[in-house]
Amino acid sequence: MNRLEGKVAVITGGNSGVGAATAKLFAAEGATVVITARREAALTAVAKEITEAGGKVMAVSTDISKKGDPEKLMDTVMDVFGHIDILINNAGILEEGLKPIDRFSDEDLDRIVETNQKGTMRVLRAATSRMQPGASIVNVASIAGAKGCGGAAYVSSKAAIIGITRHTALRFQVQGIRCNAICPGTIVTPMVMGANSANLDPDMMGAMALHSNLKTQPCMPQDVANILLFLASDESRAITGQIINTDFGCFL
């Protein structure tokens, strides 16, 4: 307990799934958590759970796909708390149907890149300009970005997160700001479970089946949150610029 005592943690996509599980865990470990997402009602519900459990939380409705929102978010955090110690870049959206490179749509690509890649980069820009030595950033990428196992638009957006993680770690190593990424496999969340299996591209599914064990157990949100806690805490202070696959060995 109290592994994050006195720290302020900003968690994007904090309204459900991994983001909500991480916010609850961080609050239980002593952090003041700032949860943000587009859906204000869902954010409020998560914040209420944290408060009722004795945690400290602030909910800020934010759309990271909008250019000015990340700056407004970080300004708000600084105005209220005066420092940002942890950033969990978790917000992201999926592509419908696992469309491969020869079948992706420009509409999917624009929509996904705007949130997953550009949105994450905007949040990083806003946060790093306000962080102090000792701060920790963890980006939630995907095994899809590391291994290519997914729709082309989604894969490209998550591969970009891996690259920008290494770039950010390199840029801020001297200043003592760490940046790492995790690459979860399938996670049991409302977003993932809500996908229509009838729309899955058979060729992409076949290619994935040849190179992985699709029967491997999926991650639960708590599994991911536990890893994020370690990387956010001072226990991992020697780790930066690392990309950690967290998929139970599905893609070895």
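Quick one, can you get me the convex hull of the C-alpha atoms of segment 30-91 expressed as volume per residue in Å³?
85
Taking 0.36 nm per intervening residue step and subtracting the Cα-Cα distance, what contour gain separates residue 130 from residue 170 on full extension? Write out the running numbers ahead of the final one.
Working: separation 40, 0.36 × 40 = 14.40 nm, distance 1.72 nm.
Stretched fully, the residue 130-residue 170 segment lengthens by 12.7 nm.
How big is the Cα convex hull of segment 49-146 in projection, averaged over all directions, in nm²?
Here the figure is 8.3 nm², rounded to one decimal.
Please list, in order along segment 92-102, the HN-Hα scalar couplings obtained from phi with the Karplus expression 6.51 cos²θ - 1.76 cosθ + 1.60 (θ = phi - 60°), rounded to whole Hz, x for Gly and Pro.
So the Karplus estimates, Gly and Pro as x, are x, 10, 9, 9, 7, x, 6, 5, x, 4, 8 Hz.
Given a cut-off of under 8 Å on Cα pairs at least six residues apart, what relative contact order in percent is computed for the chain? Walk me through the numbers on the way to the answer.
On the way: 525 pairs, mean separation 51.3, N = 252.
Across the chain, relative contact order equals 20 percent.
Once the convex hull of the C-alpha atoms of segment 103-174 is built, how many Å³ does it hold per residue, rounded to a whole number? Let's see the in-between values first.
Details: hull volume 5.4 nm³, N = 72.
Dividing the Cα hull volume of segment 103-174 by its residue count gives 75 Å³.
Mind jotting down the distance between the C-alpha centroids of segment 71-111 and segment 35-59, whole Å?
19
Projecting each Cα onto the charge dipole of the chain (Lys/Arg +1, Asp/Glu -1 at the beta carbon, about the Cα centre), which of 157, 98, 33 comes out farthest on the positive side?
Checking the options against the dipole of the chain, the answer is 33.
Indicate, rounded to the nearest 5 percent, the antiparallel portion of the DSSP beta bridges found entirely in segment 12-145.
Antiparallel bridges make up about 0 percent of those DSSP assigns within segment 12-145.
Let's see if you can work this out: charge +1 on each Lys and Arg Cβ, -1 on each Asp and Glu Cβ, no other charges. What is the dipole magnitude of the chain about its Cα centre, in debye to the nearest 20?
The calculation lands at about 500 debye.
How large, in percent, is the carbon and sulfur part of the accessible surface of the chain at a probe radius of 1.4 Å?
54
What is the spread of the Cα atoms of the chain along each of their three principal axes, largest first, in whole Å?
For the chain, the Cα extents along the three principal axes come out at 51, 39, 35 Å.
Multiplying the sequence separation of residue 53 and residue 188 by 0.36 nm and subtracting their Cα-Cα distance, what value in nm do you get?
Contour length minus the Cα-Cα distance gives 46.2 nm.
Could you state the accessible area per residue of the chain in Å², with a 1.4 Å probe and every protein chain left in place?
Value returned for the chain: 46 Å² of accessible area per residue.
Any chance you could run the full-extension gain for residue 217 through residue 5? It's 0.36 nm times the residue separation minus the Cα-Cα distance, nm to one decimal.
Full extension from residue 217 to residue 5 adds 73.0 nm.
The values are calculated or read from the model by the stated rules, or taken from the named source; none is laboratory data. Model, not experiment: these values are computed from the prediction. Here the Cβ is made from the backbone with ideal geometry for all residues, glycine too, and neighbour counts use every protein chain on show. What goes into the accessible areas is simple: the full protein's heavy atoms, side chains included, and nothing from ligands, DNA or RNA. Shrake-Rupley method; radii C 1.70, N 1.55, O 1.52, S 1.80 Å.
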